């Protein structure tokens, strides 16, 4: 089986942990050798730069540095990794995916902005990032000049947020609603003229995280031809894990808010050290939970609306037995065991995401 995964935070993990992505030295959730061995055809790399989270940095420069790092991986990969900039690139990456039996010949990288803070509050600045290779944009990771967010105050799109949706569609950049508030989601579905995605969000009916989609949102996404990517984070998969996770994490989020960037960063680090043992003690849900969310999404929105967006290197834990991208074949086994047909499994693993990106980027 081949894979099209719509979200990972590996470039930020490389920055934080000094990993060698191309050679596979260090140990994050993903690197190029493991991507190829797992059979990935397309991987979207998210560039996360937030005014609140990275308050001491120039987030525009930081985002440009991250994009430069991804492009550097492509240059250093000796042809094993290529940059997808057009619908034709995505088509080429996936055209014979179901015919290749050996380890992947190469993997294609898509670049996305996880939060539009690097645009410095102006929708027209997306054009610059499009020139750099960005083909996917999440308007807000937390509340910003464009939109309210799921973990923020829950506000709607701003006037500039409306303009950002219009700019993205004009540039053939995918609009991605993961992290947006419910109010902002509703507005996107009202104004969008092209399909949009929720790259790494699960089903709220199964797990009550506000980052997950309601059944009404899944239907709306499906109605426009969009796709949701199942997130592998346990607190988005299993309700009991989510409750225990939130009991630990809520105080961390509160304590990490403050007026000074250095104080916020110090508070986050201190609290990570304090809560780490408690979080690690919460039993991990089995990978079968991925299949449960896939099955629910199919029941609600049909088999064309569901894909994968694992959020690797952006989550603190993974389902039991999942260690990184090399474990994606376990997802296939779970889908098979849940009774999905071979055609449905292919749609989940790569066909649906390939279809929607080709349609939007064409």
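No lab work stands behind these numbers, since they all come straight from the coordinates. Just so it is clear, the model here is predicted, and its values are computed rather than measured. Quick reminder, even Gly has a Cβ in these numbers, built from the backbone with ideal geometry, and neighbours come from all protein chains shown.
Placing dummy labels 7 Å off each Cα toward the beta-carbon, the span from residue 172 to residue 333 is 4.0 nm. Place a point 7 Å from the Cα of residue 159 along the Cα-to-Cβ direction; which residues of the range 129-153 have their backbone N under 16 Å from it? The answer is 145-147, whose backbone nitrogens lie closer than 16 Å to the label point. Entry note, the chain: relative contact order of 20 percent, from Cα contacts under 8 Å with a spacing of 6+ residues. Legend: Rg and Dmax of the range 15-97, from Cα coordinates, 14.4, 45 Å. GNM remark for the chain: springs join alpha carbons under 10 Å apart, and the peak mean-square fluctuation among 155, 72, 226 falls on 72.
Sorting 157, 35 from the fewest to the most surrounding beta carbons within 10 angstrom yields 157, 35. Most tightly packed first, judged by the mean number of other beta-carbon atoms within 10 Å of their residues, the peptides 275-285, 322-332, 297-307, 337-347 read 297-307, 322-332, 337-347, 275-285. Between residue 250 and residue 342, the simple label model (points 7 Å from Cα in the Cβ direction) yields a spacing of 4.9 nm. Between residue 76 and residue 56, the distance separating the two model label sites (each 7 Å from Cα on the Cα→Cβ line) works out to 2.5 nm. With neighbour counts taken as other beta-carbon atoms within 10 Å, the residues 197, 230 rank, fewest first, as 230, 197. Note on residue 132 and residue 216: with the Förster distance fixed at 56 Å, the Cβ-Cβ geometry gives a FRET efficiency of about 0.95.
Shown for 56, 147: other C-beta atoms within 10 Å of each C-beta, ranked fewest to most, produce the order 56, 147. For residue 320 and residue 191, the difference between the fully extended length at 0.36 nm per residue and the C-alpha to C-alpha distance is 42.5 nm. Taking the centroid of alpha carbons for each part, the range 282-344 and the range 178-195 are 24 Å apart.
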